Amino acid sequence: MLMELSKHMVDLITNSFEAMAKHILVSLSFFGDWVTLEVSDDGTGVSKESVEAAMRGEKAPRGRGLALLRDAAEQSGGDISVWSEEGHGTGVRAVFGKDVPLGKVGDALIVFWQEMPITVITLSAVTEKGAFVFDSRLIGERYGDPSDIHTMVKVRKDVNYTLTNLFGGK
């Protein structure tokens, strides 16, 4: 069984935080037989050599996450691409066959937002059923006081419920 997309997303966002990103864009899409996860940031970026080492599964620059993501994408019939420029950020796009489980994306977003509130996280999700956008800058406007635990519960439930419906109950 393939690892949930939300777990790969957590790994990629963690890399973005470690790279001191101020803006992180997460995109999910589901069309036909393909699911795409893309995470890009404006962090410090990494060298081409570091990306190649990470894709080989070497513990560089930040761990084995890219190699695991590549393996999962290829196992499902998809692929992965990575682009990065030192000082200018990094992007990762992984394409999976349609049977990859989504997981609890809302839970992951809330944990990151609470830990790093100065970093803007934007999630966009698009499927044949519709679209959804989450922007951490708008939590107060859409859900209530960001420091209130009840607000975080509302956000988590809303994101998980909406994405589960958009992605067909995965």
Review point. For the stretch 26-48, what are the residues that are closer than 15 Å to Ala108 by Cβ and surrounded by 18 or more Cβ atoms within 10 Å (Cβ to Cβ)?
Key: Val26, Leu28, Leu37, Val39
Exercise for review: Residues being closer than 15 Å to Gly97 by Cα and surrounded by fewer than 19 Cβ atoms within 10 Å (Cβ to Cβ): count how many of those fall in the stretch 1-25.
Suggested key: 4
Revision key, fill the gap. Over the stretch 120-170, the set of residues under 16 Å from Leu28 (Cα atoms), touching a helix residue (DSSP H, G or I) at 6+ places or on another chain (Cβ under 7 Å) and among the hydrophobic types (A, V, I, L, M, F, W, C) is Ile121, Leu123, Ala125, Phe132, Phe134, Val159, Leu163
Practice item. Determine which member of the set Gly103, Gly89, Gly168 is in contact with a strand residue (DSSP E or B) (Cβ under 9 Å, 6 or more places away or on another chain), closer than 17 Å to Ile13 by Cβ and not basic (Lys, Arg). Key: Gly89
Review point. Within the stretch 61-118, can you find the residues that are at pLDDT below 90 and part of a strand (DSSP E or B)?
Key: Glu85, Gly97
Practice item. Go through the residues of the stretch 133-140 one by one and say whether even a single one is touching a Leu at 6+ places or on another chain (Cβ under 8 Å), of a type outside the set (Phe, Trp, Tyr) and in a helix (DSSP H, G or I). Key: yes
Study note, to complete from the structure: Counting only residues that are over 19 Å from the mean Cα position of the chain (by Cα), of a type in the set (A, V, I, L, M, F, W, C) and surrounded by 15 or more Cβ atoms within 10 Å (Cβ to Cβ), the stretch 121-170 contains a total of 0
Review point. Only one residue in Ile13, Ile24 is assigned to a helix (DSSP H, G or I), under 24 Å from Ser124 (Cβ atoms) and touching a helix residue (DSSP H, G or I) at 6+ places or on another chain (Cβ under 7 Å). Which one?
Key: Ile13
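The values are calculated or read from the model by the stated rules, or taken from the named source; none is laboratory data. Predicted model, so just to flag it, every value in this text is computed and none were measured. Don't worry about glycine lacking a Cβ; one is built from the backbone with ideal geometry, like all the others, and counts go over all protein chains shown.
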